[in-house]
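J.: Pasting in a structure now, in structure tokens, and then I'll have a few things to ask.
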Amino acid sequence: MKLHWFTLLWCMICVGPQGTAATADFAARFDQFKTNASPADLYRFLYAMPKAGDLHHHAEGSWRMEDLFTVATDQKRSGGNRFYTRLTAGGCLDETNPWRKFQTIAAFTWKALPECARSEFVALDTLTPTQRLAFLNSLRLDAPGEGRNEFFEEIWPRIGALGRSVDVFLEMTVETMKRYGAEGVRYLEPQTMPLGFVDAEGAALDPEEFHRRLKIRLEQPDARATGVAVRWQVVVLRFTPMAEKRVEQAYDFIDRHRDLWVGINMAGREDNDKGHPRRFLEVYRRMRHRHAGIGLAIHAGEVDEANPHMRDTLLLGATRLGHGNNVLTDETLLLQLRTGVALVEINLVSNLVLEYVDRYAQHHFPELLRTGIPVALSTDDSGMWDSNMTDEYLTAVTEFNLTWAELVQCGRNSLQWSFAEPALKARLLADYERDVRAFEARLGADWTAALQGITPVSYGFAKRRWNLAF
């Protein structure tokens, strides 16, 4: 906390009285602007504004699917690999590999199949335009009624081998950094598993080799040019039989690689009771006997019904709670959260497309924000929603009438509550305050004219939700 208040004091000194007055004037003008601006101009404004960090960010789920297709079909970028996707149900009966259209496998897997099974698959680089579009659409929620079962049970298996190819993963990490950097995001904390990756020949990479290759890729000029700092969380699937062991392995791995890895997350459907939080109480307490300074952010409250999972997750030691959809059902927990014990990671687009809310009038975000509970906007799986961080900000403004101060505080929270090392956190916070003031100055007196020079990039969610396409 000393770092936090020192940084804010430093920024206030830099801004000075004139800067404070200018910010107050800007905030008043924003209130008028958001009321009268066209959706397109409001999108331009929010796309261009500094947006700090994205803390709740699944690595593979955040890939832009068109970018993924480009990388996967370019053997110079895919490590020489070639990928095949399942298009037809052939004559091979295989109870261990049930029919799933657009299941994607690598060349080394395809070559090992019997001929009748190989005939069901088509190389990605030979898909017709119509097939290509259908393949891309199968990897995102872009149609009414798809919902959480499509997401949890179908989309991830369709990505299949693409998600475990180390070459594709490294290239897509940088592509994602470019996309987020372009809209003013300066810090990402992706979740992934550092095990299970393979090369183009199918040889497994151990976590140490994966870390080595990841570090090298992030140091390349195109990655550094994005202006985005990345620190990683090890994600553990909470309902698997090996989950406790995976928690232990995650602690040990992070402790050896604190240059890039900063925290642990537990994910997976919370309506699967095998992953309930209290199952992990003993292992986390045991790990804290051995390790210090490793962040803990856990999915909690991403369910429809009331349950004690969010409170139990605090008991595990988490300082960030992912989603929190059922938080309003526990008044004691609300009072506890008002003490600032943890931040709730808010995922507005995700909650709508996965049908945890039918409409935003049901959402818990404004109640938390305006009762002093720390919150930050995040994207969850933006590639699978066909969205971006600007969509989260525009949803917040249009649905909950956020003020300029609230928008800036959400960004500030995303850095203050990050697991980044102190020096990086201090730099990011100082840069964020500087960039916010520069953005305020950049718009000048005529906002409409200034915004015409901004060319945002929008995706399918913005088209479906607001009929916006840039």
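J.: Which of the residues spanning the range 347-376 are of a type in the set (A, V, I, L, M) and touching a residue at least 60 places away in the same chain (Cβ under 8 Å)? If you could, list the steps in order and put the result at the bottom.
T.: Looking only at the range 347-376, we keep the residues that are of a type in the set (A, V, I, L, M), and these are 348-349, 352-354, 357, 361, 368-369, 373, 375-376.
The answer is VAL349, VAL353, LEU354, ALA376.
J.: Can you tell me which residue is farthest from GLU367 (Cα to Cα) among those in the range 392-425 that are over 22 Å from the mean Cα position of the chain (by Cα) and either hydrophobic (A, V, I, L, M, F, W, C) or surrounded by 18 or more Cβ atoms within 10 Å (Cβ to Cβ) (or both)?
T.: The extreme case among them is ALA423.
J.: With respect to GLU270, determine if the residue is touching a residue at least 40 places away in the same chain (Cβ under 8 Å), of a type in the set (D, E, K, R) and closer than 24 Å to PRO190 by Cβ.
T.: Values: touching a residue at least 40 places away in the same chain (Cβ under 8 Å): no; of a type in the set (D, E, K, R): yes; closer than 24 Å to PRO190 by Cβ: yes.
No, not satisfied.
J.: Identify the residue in the range 444-470 that is free of Cβ contacts under 8 Å to residues at least 60 places away in the same chain and surrounded by 14 or more Cβ atoms within 10 Å (Cβ to Cβ) and, among all such residues, is farthest from ARG29 (Cα to Cα).
T.: The residue in question is LYS463.
J.: Can I ask one more? If I filter the range 427-446 down to residues being of a type outside the set (Gly, Ala, Ser) and modelled with pLDDT under 95, which single residue comes out as farthest from THR176 (Cα to Cα)? Talk me through it step by step, then tell me what you get.
T.: Narrowing the range 427-446 to residues of a type outside the set (Gly, Ala, Ser): 427-429, 431-437, 439-440, 442-443, 446.
Add one more test, that the residue is modelled with pLDDT under 95, and what stays is 442-443, 446.
On the way: ARG442: 26, LEU443: 27, ASP446: 33 Å.
Across the range 427-446, the extreme among qualifying residues is ASP446.
J.: Only one of ALA204, ALA200 is among the aliphatic types (A, V, I, L, M) and either surrounded by 18 or more Cβ atoms within 10 Å (Cβ to Cβ) or modelled with pLDDT under 95 (or both). Can you tell me which?
T.: Working: ALA204 fails: either surrounded by 18 or more Cβ atoms within 10 Å (Cβ to Cβ) or modelled with pLDDT under 95 (or both).
Checking each option against the conditions leaves just ALA200.
J.: So which residues in the range 286-311 are more than 17 Å from VAL234 (Cα to Cα) and out of contact with any strand residue (DSSP E or B) (no Cβ under 8 Å at 6 or more places or on another chain), if there are any at all?
T.: Hits for the range 286-311 are ARG286, HIS289, ARG290, VAL303, ASP304, GLU305, ALA306, ASN307, PRO308, ARG311.
J.: Exactly one condition in (1) surrounded by 21 or more Cβ atoms within 10 Å (Cβ to Cβ); (2) without any contact (Cβ under 8 Å) to a residue 24 or more places away in the chain; (3) not acidic (Asp, Glu) is false for ASN326; which is it?
T.: So the condition that ASN326 fails would be (2).
The values are calculated or read from the model by the stated rules, or taken from the named source; none is laboratory data. Here the structure is a predicted model, which means the values were calculated and not measured. Positions of Cβ are generated from backbone atoms using ideal geometry, with glycine treated the same way; all protein chains shown enter the neighbour counts.
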